[in-house]
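To keep things clear, I will list the structure first and then write my remarks on it.
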Amino acid sequence: MKRAFGVLLVIALFLFPLNAFAVVKAGTACTKLGATSTIAGKKYTCIKSGKKLVWDKGVTVEPVKASVPTGPTSFDDLEAKYSGVPEAAWKKSGTVLNASKAKNVQPTVLIGPNSKPIYEIPQVAISQVSRMFPNYKEVKEFVLIYYNFQDVVWAQEQFDKYIGKNGGYDTSGEAKKLCPGERSCNSASAVRNQITRVSVVLMTAGSESRNDRHFTSGAIEAHEYFHTIQDAQLEGSSINNGMLPRWFIEGSASFVEMASINYDSFDKYKIAKASLLTELFYRKEFNEQKLIQFLDAPSLGKDWSSWDSYSTQRVYDIGMMVTEIMVSLKGPESILEQYKYAASGMSYQQAFEKVYGISWADAAPILAKVVAAEYAATP
């Protein structure tokens, strides 16, 4: 069998035109007039030169650019153009941020005697969030308290100086709750003094957080600072955060952290988003109907009780996907516009319709369908 194969190979080589192995370059012989060959980004054509057929000098071929999905323009074409949502939302956010002048946001930064912040330039992350919302009220005083397990008592003392018993709930032991042990000290919490309006964020700085992208990139600072901007829109009104959907509160903060920190790189934005959605997509627990139930929950507009039966992470990841859709349609300002209308006395459903021009009852199924489509498309 080996010998027969060898004979056939020799015959094949003799039957195959020898010039088929010739290198294609300007001036070398070719066999068929008008034939073309593209090599190393140049397209060569077989032409007649005197009595010979040769390859011409070639022309540079522009690489074919991958088509970029077009973002939706309204709820009317949202389903058809849902694949363009992520980039449209990222672009609109970056456009506002880049056009906004840098704000001189100067937080009070307190660092525990045994602690070292993981992200050492919080002013950068905070300023980027601020620039994404240049026309909206912000807090007058913002305090960041960085601490590790050794500094829990110190952190609570600093926290009590600013918040005391005026945080809207029992804040005693708040520092210990976020940092119960050396290896479980990786969380953050934003609280606002209901009397003085000072916003305080407890930022843990334990060893377990030092390899966490949320802590190393400034995403946590960005997330928590946006919560303070949310609160600022409700100042002076009779409503509170509990009267807005919990998935909207946390989901919009999750979107803002990623869009502001990664405003200069869509690839980095996509990586951050994929990290947030890992568990959601892995579990595959939600279909379109369950998403409608999650978004249009019975307690929507009253309190957060409807979301207590879900994993806490769902208000962050599903909420982020819905917020991304909102921003792709109307820009990042549309997030806080809903807050402003709610603060004026509107229900969340009314505020939503005022911003997007469609009733919440009609929009919720469309939002669920679009989220489900992205959910299903992810392996």
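For the pair Thr196 and Ser265 in one chain, pulling the backbone fully straight at 0.36 nm per residue adds 21.0 nm over the alpha carbon distance. Each part reduced to its alpha carbon centroid, segment 334-379 and segment 265-295 end up 17 Å apart. Pairs with C-alpha atoms separated by more than 20 Å, drawn from the list Lys32/Lys52; Lys177/Lys273; Lys268/Lys290; Lys302/Lys330, are Lys177/Lys273; Lys268/Lys290; Lys302/Lys330. Taking 0.36 nm per residue of sequence separation and removing the Cα-Cα distance, the Ser184/Ser74 pair yields an extension gain of 35.2 nm. According to the calculation over all Cα-Cα pairs in segment 61-208, the P(r) per 5 Å bin from zero is 2, 9, 14, 14, 12, 12, 10, 10, 7, 5, 3, 1, 1, 0 %. Kirkwood analysis of the Cα pair distances in the chain returns a hydrodynamic radius of 24.2 Å. Multiplying the residue separation of Val61 and Ser237 by 0.36 nm and subtracting their alpha-carbon distance yields 57.2 nm. A helix-only calculation puts the chain at -14500 deg cm²/dmol for mean residue ellipticity at 222 nm, using -39500 (n - 2.57) for each DSSP H run of at least four residues, averaged over all residues. A protection proxy built from the mean count of other Cβ atoms within 10 Å ranks the segments 32-40, 336-344, 219-227, most packed first, as 219-227, 336-344, 32-40. Over segment 271-379, the Kirkwood radius and the radius of gyration, each from Cα atoms, give a ratio Rg/Rh of 0.96. Annotation: per residue accessible area for the chain equals 51 Å², rounded to a whole number [probe 1.4 Å, protein chains only]. Tilt of helix 266-283 relative to the longest C-alpha principal axis of the chain, in degrees (0 to 90, nearest 10)? Compared with the principal axis, the helix lies near 70 degrees. Can you tell me the orientation of helix 313-330 relative to the chain, as the angle in degrees between its alpha-carbon axis and the longest Cα principal axis, to the nearest 10? On a 0 to 90 degree scale, this one is about 70. The label-point distance for Ala102 and Lys52, in a model that sets each label 7 Å from Cα toward Cβ, rounds to 6.3 nm.
Each residue, Gln293 and Ala361, gets one label point 7 Å from its Cα in the Cβ direction; the gap between the two is 2.1 nm.
The values are calculated or read from the model by the stated rules, or taken from the named source; none is laboratory data. Because the structure is a prediction, the values reported are computed rather than measured. A quick note on method: Cβ atoms are made from the backbone with ideal geometry, for glycine too, and the neighbour counts reach across all protein chains shown. Accessible surface areas use protein heavy atoms only, side chains included; no ligands, DNA or RNA. Shrake-Rupley method; radii C 1.70, N 1.55, O 1.52, S 1.80 Å.
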